[in-house]
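K.L.:
First, the structure itself, so that you have it in front of you.
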Amino acid sequence: FESLTKKTLFPQDYKGQKLAEQIFQGIILVSAVIGFIYGYITEQFGWTVYIVMAGFALSCLLTLPPWPMYRRNPLKWLPVQESGTEEKKAADRKPKRHAKS
């Protein structure tokens, strides 16, 4: 169950998310430019839309599944602390300051 959870709940680390976003934006930008130029040359706006939609589909295929290239930098979690260390006595806590109105 843990291996399934690791693969489905947290498929990307932070650097992987940044990489996926850059790939997604790059493909969309390139397909928009190519689609605009091709549509302008052929004087068919439909081709522009088709090429941009194909770029969107390609970028979704490359960025949405949890590919291993998006999990190369996993987070280092702190070790679990014992429950007794979390509890503080009321005297050890700092008094709360309320904002003046």
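K.L.:
Return the distance in nm (one decimal) between the two label points of a simple spin-label model at I23 and M69, each offset 7 Å from Cα along Cα→Cβ.
P.N.:
0.4
K.L.:
Accessible area per residue of region 24-65 at 1.4 Å probe, in Å²?
P.N.:
72
K.L.:
Next up: If you wrap a convex hull around the C-alpha atoms of region 24-65 and split its volume per residue, what is the figure in Å³?
P.N.:
39
K.L.:
Whole-Hz Karplus ³J(HN,Hα) for region 26-43, in order, using 6.51 cos²θ - 1.76 cosθ + 1.60 and θ = phi - 60°, x for Gly and Pro?
P.N.:
Those phi angles translate into x, 5, 4, 5, 5, 5, 5, 5, 4, x, 5, 5, 5, x, 5, 5, 7, 6 Hz.
The values are calculated or read from the model by the stated rules, or taken from the named source; none is laboratory data. Computed from a predicted structure; not experimentally measured. Glycine also receives a Cβ, built like all others from the backbone with ideal geometry; neighbour counts cover every protein chain displayed. For accessibility, only protein heavy atoms count, side chains too; no ligands or nucleic acids. Shrake-Rupley method; radii C 1.70, N 1.55, O 1.52, S 1.80 Å.
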